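**Q** I am attaching a structure below and will ask some questions about it afterwards.
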Ligand SMILES: [Zn+2]
């Protein structure tokens, strides 16, 4: 009996220490991820994103239970991600969500979350707009507010996705970070909001695995989560899926030219039409394109045009 009590005591202490250590692990964020069993397959998308964010110190905990929108459950998390098309929210769940965000927590509605809880104008105001309609295509967005901490070091990405249009925009306390531009259309695409002491990050990206598997999307969502939870999004590595131009060398010597005799075929004339031969050529072009042997040969003997 005594040993059994002791065992329980030791096990109890062990769990207490484990719990304390995990709760106190510095820098980690824990967010509830609310999905459902509808067409956007949130559980599948969660399985793509959660391991990537875990490596980055962000733990997503999946649920499809609307009952989890209650103060006792929500208070365990730094933020709430929604990727779902639940049509209705009860008044209790609605106030739990609004109070939770207003108290200073993070709220991260992704893609179809702007067409969730259709019975709640307050939810739509909180998100910042409601989804209206879409076609689809492969596109990039145009960054605005590039000084916003979420966009520091982020250059955008290209993906196939649904071309969301929104309605019921709520520009109050909203900052648009990305637009989707198509002809004259300039559709707010990614934005932040504040709500009381809380912060909202929304992006319309994210219909299916093509975007969820895109490192640019994962990078953007991490930035959004960190910002929404009151953290520093600039700790997220820079991201670009486009190669940048090599900057011009400032210390490069000026071009050198050497005498030459090169046939000149003016553009736009009949095939074979020649004009006066060119009498100089750039040294460096010759060196780089033909190699050292040809360069030496040129210096020693001179070339009469290209022999290729
Ligand atoms: Zn979709």
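The values are calculated or read from the model by the stated rules, or taken from the named source; none is laboratory data. In this text the structure is predicted, and so the values were computed from the model without any measurement. Positions of Cβ are backbone-derived with ideal geometry, glycine not excepted, and every protein chain shown enters the neighbour counts.
**Q** Against the definition (over 19 Å from residue 114 (Cβ atoms), in contact (Cβ under 8 Å) with a residue 24 or more places away in the chain, assigned by TED's automatic domain parsing to the domain that holds residue 74 and away from the ligand (no atom under 16 Å from the Cβ)), how does residue 174 come out, yes or no?
**A** no
**Q** Shifting gears a bit: Name every residue in the stretch 229-280 that is closer than 30 Å to residue 198 by Cβ and assigned to a loop (DSSP other than H, G, I, E, B), in order of residue number.
**A** 229, 230, 231, 232, 236, 237, 238
**Q** Collect the residues in the stretch 87-128 that are under 25 Å from the mean Cα position of the chain (by Cα), surrounded by fewer than 24 Cβ atoms within 10 Å (Cβ to Cβ) and assigned to a loop (DSSP other than H, G, I, E, B), keeping them in residue-number order.
**A** Matches in the stretch 87-128: 104 only.
**Q** While we're looking at this one, here's another question. Kindly evaluate residue 84 against the criterion of being at pLDDT 95 or above, assigned to a loop (DSSP other than H, G, I, E, B), closer than 15 Å to residue 36 by Cβ and touching a strand residue (DSSP E or B) at 6+ places or on another chain (Cβ under 8 Å).
**A** yes
**Q** With away from the ligand (no atom under 16 Å from the Cβ) and at pLDDT 95 or above as the only criterion, which of 206, 198 stands out?
**A** Exactly one residue qualifies, and that residue is 198.
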